[in-house]
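Everything below concerns the one structure shown next.
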Amino acid sequence: MYSSADKVDGQGVGSAYREQVDLLRQEASDLFTISINDWFKKADIKHFHTIDPAFMIPMLDKKTVKVAYCHFLPDTVIDGSLNIPSGLQPITSHYIINFYKLADRLVVVNPSFIPDLVRYGIPEEKIYYIPNYVSKDTFHPLGLEARKAERKKYGIAEDAFVVVGAGQVQTRKGVLDFCEVAKRCPDMEFVWAGGFSFGIITDGYEELKKVMENPPANVHFIGIVERNEMVNVYNMADVLFVPSYNELFPMTILEAVNLHIPLVLRDLDLYRDILFGHYLAASDNDGFVEKLEALKADRALYAQYEQESALISNYYSKEHVAKMWKEFYLDAYAQKQKELRT
């Protein structure tokens with residue numbers, strides 16, 4: 001495994017990387033010995049979780065299976081995530097796609113990316129879909145006392161209806177919409193866990209910084225939270241609200257559904273392939289307000305969407321995802337050996 005994903009706090013790529021490595025160590029230790037960023041060890045398979053320029057060197061090894069994770073396309077980096085100077089945008093796009101093209105296989109966590117990658121000139125037969133995974137050992141209900149304690153920590157009443165959002169503070173994450181919806185729902189408390197993981201180069205930094213420094217009265221920006229502490233944040237939540245304009249497969253969704261928390265999401269095509277309709281969706285702030293107010297007012301509706309989240313959690317089980325990875329790696333290795341013999 002090659003990765004620098006855990007060098008920047010508060011980003012989903014790092015969470016996905018740690019979960020995938022832990023999953024394989026737990027479920028496939030009989031098949032694979034895993035090393036991390038070991039430049040000198042001979043490997044049968046090299047899996048690149050991030051696209052660091054330095055990783056171009058091991059990527060050129062023709063005798064090894066090279067797997068690259070596709071966590072984003074050039075559009076998602078340049079539009080709404082990082083404020084990259086216009087003169088560097090073509091170079092950035094070219095580098096990302098060239099890195100992906102050097103891999104024997106690409107892994108996407110959402111099948112909606114496959115047509116986009118094909119349009120960039122990557123053969124469809126090189127692209128594989130394997131979803132993210134989140135351990136239920138890490139993310140699970142902690143009980144009423146933990147819920148009360150976490151709310152007290154942030155000055156939130158025990159009986160409040162709490163809406164949680166999580167992720168980097170970026171334009172594409174819909175943070176401004178999160179705050180606007182909060183203004184229109186004064187009888188609820190809104191909590192955003194996350195911050196500027198990439199500092200001033202974050203797209204929309206100045207505007208977002210002003211909002212964070214002077215948020216609506218019922219909005220709590222609690223900053224970047226260590227991943228092992230996020231379970232406490234989810235335990236105080238009544239709803240997970242994800243107003244992002246562009247996502248792959250947010251780790252926060254997989255984390256929250258392990259606690260059976262109802263989801264209110266922006267109506268994006270990409271969710272339809274991976275969440276199977278087990279969530280409430282809206283396309284604008286009017287819709288978000290309507291969905292949140294309905295969940296707060298209607299206990300039967302709320303209970304229904306607790307069960308919908310449970311269905312998502314059950315689908316993305318440890319056994320299911322581990323089986324996909326084992327079959328993928330073994331097939332990739334067999335294909336490489338066949339190529340080397342011919």
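For segment 272-308, the tally of residues that are part of a helix (DSSP H, G or I), without any contact (Cβ under 8 Å) to a residue 40 or more places away in the chain and more than 23 Å from residue 180 (Cα to Cα) stands at 7.
Taking residue 251 as the residue in question, decide whether it is in contact with a helix residue (DSSP H, G or I) (Cβ under 7 Å, 6 or more places away or on another chain), of a type outside the set (D, E, K, R) and closer than 21 Å to residue 130 by Cβ. So residue 251 fits the description; yes. Whenever a residue of segment 100-115 is touching a residue at least 12 places away in the same chain (Cβ under 8 Å) and acidic (Asp, Glu), its partners that are crowded, with 18+ Cβ neighbours inside 10 Å and assigned to a helix (DSSP H, G or I), lying with C-beta atoms within less than 9 angstrom and at least six residues away or across chains, give the pairs 104/332; 104/336. For first residues located in segment 324-342 and assigned by TED's automatic domain parsing to the domain that holds residue 127, partners that are part of a helix (DSSP H, G or I) and lie 6+ apart or on another chain with Cβ distances below 7 Å form the pairs 325/24. When segment 29-60 is filtered for residues that are at pLDDT 95 or above, in a loop (DSSP other than H, G, I, E, B) and of a type in the set (Phe, Trp, Tyr), only 32 remains. When segment 126-174 is examined, which residues are found to be without any contact (Cβ under 8 Å) to a residue 60 or more places away in the chain, within 21 Å of the chain's Cα centre (by Cα) and surrounded by 15 or more Cβ atoms within 10 Å (Cβ to Cβ)? Scanning segment 126-174 gives 127, 129, 169. Residues in segment 61-71 that are assigned to a loop (DSSP other than H, G, I, E, B) and more than 25 Å from the chain's Cα centre (by Cα): 61, 62, 63, 64. When segment 266-319 is limited to residues that are of a type in the set (D, E, K, R) and in contact with a Gly (Cβ under 9 Å, 6 or more places away or on another chain), the one that is surrounded by the fewest Cβ atoms within 10 Å (Cβ to Cβ) turns out to be 267. The criterion of being at pLDDT 95 or above and either under 30 Å from residue 33 (Cβ atoms) or in a helix (DSSP H, G or I) (or both) holds for residue 231. Of all the residues in segment 246-265, those that are in a helix (DSSP H, G or I) and acidic (Asp, Glu) number 1. Of the residues making up segment 234-245, those that are of a type in the set (A, V, I, L, M), farther than 14 Å from residue 172 by Cα and not in a loop (DSSP other than H, G, I, E, B) are 239, 240.
The values are calculated or read from the model by the stated rules, or taken from the named source; none is laboratory data. If you're wondering where the values come from, they're calculated on a predicted model, not measured in any experiment. Glycine gets a Cβ as well: all are built from the backbone with ideal geometry, and neighbour counts include every protein chain shown.
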